[in-house]
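Worksheet: one structure, shown below.
The values are calculated or read from the model by the stated rules, or taken from the named source; none is laboratory data. Not measured: the values here are computed from a predicted model. Every residue, glycine as well, gets a Cβ built from its backbone with ideal geometry; the counts of neighbours run over all protein chains shown.
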Amino acid sequence: MGEHNHSHSHDNNHGSIKNLKIAFILNLSFVVVEVVGGILTNSVAILSDAVHDLGDSISLGLAWYLEKSSTKKSNDRFTYGYKRLSILGALFNALVLLLGTGFIIYRAIPRLFNPESVQAQGMIILAVIGIVVNGLAVLRVRRGKKLSEQVVSLHLLEDLFGWVAVLIVSIVLVFVDVPILDPILSLLISIYVLKNVISGLVKIVRMILQGVPDGFSVEDTKKSILQIDPHIIEVHDLRAWTLDGEENIVSFHISIEKNMSLQEVVELKRAIKAHLKEQHIEDVTIEVENIGNCSNNAPTQISSKNNTNI
């Protein structure tokens, strides 16, 4: 059974890496087509989407690299492993998108006042290619079950909808000469990207400053721990943070009644860890205080840091 599970996990990792690699190659190749096509068609909407796709290509590349690196074990130099590299990757990705989107807005605003004609037929061809490429990438990544693939598939799905919008606008421009639609679409895409970038930067800063994970409540967690066992008198010094937005870490102190046996303390800690695991918190550090009168000549304080055996 153990060998089967290990083999199944290995196959999943290999499949995830392959899916992300193919999606990355498709997306990055099309970015080059977009840049050339945007220049030839004189469309800032195409160029703005190229910037968006470049950011997604970087995300895909980082996801591919980090998926391959995720099997690296912790060592004496990096005791938590290498998962926090994803935060640096996200920060770099956000900065690239921020600079690129700023440049596109700088190019698009003057065209609102002095619209320039675009080659609508060329835009239609690029839009169709964009829908096909992003559609294939979405189908490929959505096959996977890993969180990294699911997150990337959402970005690619956004790109797909963006190209549908470009296709609609370019078809309108074939029949109606309204060149201002191109910079308007460009600005709408850019504003949408900026909104997501700023939201992402806020999350990144919170992670760097070791803020509590999204959806985590310190007070609610304390109350839920107190309800596990009547022997728990107090929960204090609770700290929670996240390594990469997925792996969450919690440490805290509990004060318990002095008449608990050592075995009861061990069982209590197991119950607390099982309770927190249901909330997707795998890494737990518990300091136990006030058990000086427990049996088996136990010490006045027992601590358990990242020990899943007790």
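Within segment 241-282, track down each residue that is in a strand (DSSP E or B) and surrounded by fewer than 19 Cβ atoms within 10 Å (Cβ to Cβ).
Residues satisfying the conditions are 241, 249, 251, 253, 255.
Kindly provide the set of residues from segment 189-207 that are surrounded by 15 or more Cβ atoms within 10 Å (Cβ to Cβ) and not hydroxyl-bearing (Ser, Thr, Tyr), ordered by number.
Those that are surrounded by 15 or more Cβ atoms within 10 Å (Cβ to Cβ) and not hydroxyl-bearing (Ser, Thr, Tyr): 189, 193, 194, 196, 197, 200, 201, 203, 204, 206, 207.
Would you check which residues across segment 120-147 are surrounded by fewer than 23 Cβ atoms within 10 Å (Cβ to Cβ) and at pLDDT below 70 and list them?
142, 143, 144, 145, 146, 147
Check off (1) under 32 Å from the mean Cα position of the chain (by Cα); (2) β-branched (Val, Ile, Thr); (3) not in a strand (DSSP E or B) for residue 235 and give me the number that stays unchecked.
Failing condition for residue 235: (3).
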